[in-house]
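Structure, as structure tokens:
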Amino acid sequence: RSTLSSTIVVKNCFPVPHVEKGEEEVAVGKDFLKHMLQLHQQVNPNEEVLGWYATTADQTTLINQQSCLIQDFFSAECADPLHLVVDTSLSGNMLACKAFLSDTIQLDDTVLAASFSQLKVELQCAEPERIALDMMIKTSVATWNKDTSKQIVESAEINSDIANLEQSVARLLQMLETVESYVSDVVAKRRKPDHLVGSKIASVVSMVPRIQPEIFAKAFRNNVQDLLMVVYLSNMTRTQLAVAERISKTPA
């Protein structure tokens, strides 16, 4: 939580068990939270508790009575606890996440209700995290079997290095076409310019090194050859290990 701005940065999380006893009582594992927090701060000593999160596949009900009770519990752990609601259904092929801060509505010293205000959320992920999210979205594709009325989830296999490279290049070309179409529409006055989008495009373009196409093509071919060599050596090592394992298991 930044003291210089109104920005809250969430970097890590861990689940805390709880038991819901109707709509009026929720038991949260306080000892488990304390123990996990001590272990977590041994690795990340500068991080602190900012709030709690919940998962749901129903986007119509994000806040309920249990949310208010758990929010009260975490009010004793940190000031102004943040409540995150994560959409586990991955609807729209994206990981939707909404954030809320609460405030109490009271009359004199009597608390009447709790009010949750939604905040703007910006998701940022590293390359390994993005790859994992893409794989989760691919495996979330589901169909319904009409005969058995059961949901069948299609499995997605991890692609090879060459396939990942091909997908990355195809995605890059698609994004370039989208940017080119946007710039063309703005120049032709078919679309109203957005200064924020324009500044981001200019920032990305400024980071692209100025290099001749022939030199770039040669460097790209060399990198592909290096990648193919690594794949070849890894396959050869895997084959040798499999042969050695079979020989070791063969009775004398």
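Cβ-Cβ contacts under 8 Å between residues 6 or more apart (or on different chains), taken from a first residue in the range 5-28 that is closer than 21 Å to Val86 by Cα to a second residue that is among the hydroxyl-bearing types (Ser, Thr, Tyr) and open to solvent by 80 Å² or more (accessible area, probe 1.4 Å), are listed as Cys13/Tyr53.
If you go through the range 209-229 and pick out every residue that is touching a residue at least 12 places away in the same chain (Cβ under 8 Å) and more than 20 Å from Asn164 (Cα to Cα), you end up with 0.
The set of residues in the range 3-61 being within 18 Å of Lys98 (Cα to Cα), of a type outside the set (A, V, I, L, M, F, W, C) and exposed (fewer than 14 other Cβ atoms within 10 Å of the Cβ) consists of Ser6, Thr7, Lys11, Asn12, Pro15, Thr55, Asp58, Gln59, Thr60, Thr61.
Got a sec? Which of Leu39, Leu82, Leu50 is closer than 30 Å to Ala132 by Cα, among the aliphatic types (A, V, I, L, M) and in contact with a Pro (Cβ under 8 Å, 6 or more places away or on another chain)? Spell out the reasoning first.
Values: Leu39 fails: in contact with a Pro (Cβ under 8 Å, 6 or more places away or on another chain); Leu82 fails: in contact with a Pro (Cβ under 8 Å, 6 or more places away or on another chain).
None of the others qualify; the one that does is Leu50.
Going by the structure shown, is Val121 open to solvent by less than 100 Å² (accessible area, probe 1.4 Å), modelled with pLDDT of 80 or more and under 30 Å from Ile70 (Cα atoms)? Can you show your working first?
Details: open to solvent by less than 100 Å² (accessible area, probe 1.4 Å): yes; modelled with pLDDT of 80 or more: yes; under 30 Å from Ile70 (Cα atoms): yes.
In short, yes.
Within the range 165-210, the set of residues being modelled with pLDDT under 85, under 27 Å from the mean Cα position of the chain (by Cα) and either among the acidic types (Asp, Glu) or not in a helix (DSSP H, G or I) (or both) comprises Glu166, Val208. Scanning the range 230-252 for residues that are open to solvent by 100 Å² or more (accessible area, probe 1.4 Å) and either within 13 Å of Ile162 (Cα to Cα) or aromatic (Phe, Trp, Tyr) (or both) yields one hit, Tyr232. Checking every residue in the range 108-117 against the condition of being under 24 Å from the mean Cα position of the chain (by Cα) and of a type in the set (A, V, I, L, M) gives zero matches.
Over 21 Å from Val121 (Cα atoms), of a type in the set (Gly, Ala, Ser) and at pLDDT below 85: does that describe Gly29? So that I can check it myself, show each step before the final result.
Working: over 21 Å from Val121 (Cα atoms): yes; of a type in the set (Gly, Ala, Ser): yes; at pLDDT below 85: no.
No.
Every residue in the range 34-66 that is in a strand (DSSP E or B) and at pLDDT 85 or above, please.
The first filter runs over the range 34-66 and keeps only residues in a strand (DSSP E or B), leaving 51-56.
Across the range 34-66, the qualifying residues are Gly51, Trp52, Tyr53, Ala54, Thr55.
For the range 81-117, the tally of residues that are outside any strand (DSSP E or B) and either at pLDDT below 85 or surrounded by fewer than 17 Cβ atoms within 10 Å (Cβ to Cβ) (or both) stands at 11.
The values are calculated or read from the model by the stated rules, or taken from the named source; none is laboratory data. For clarity, every value in this text was computed on a predicted model and none was experimentally measured. Using ideal geometry, Cβ is built from the backbone for each residue, glycine included, and neighbour counts are taken over all protein chains shown. Accessible surface is based on the protein model in full, side chains and every heavy atom, while ligands, DNA and RNA are left aside. Shrake-Rupley method; radii C 1.70, N 1.55, O 1.52, S 1.80 Å.
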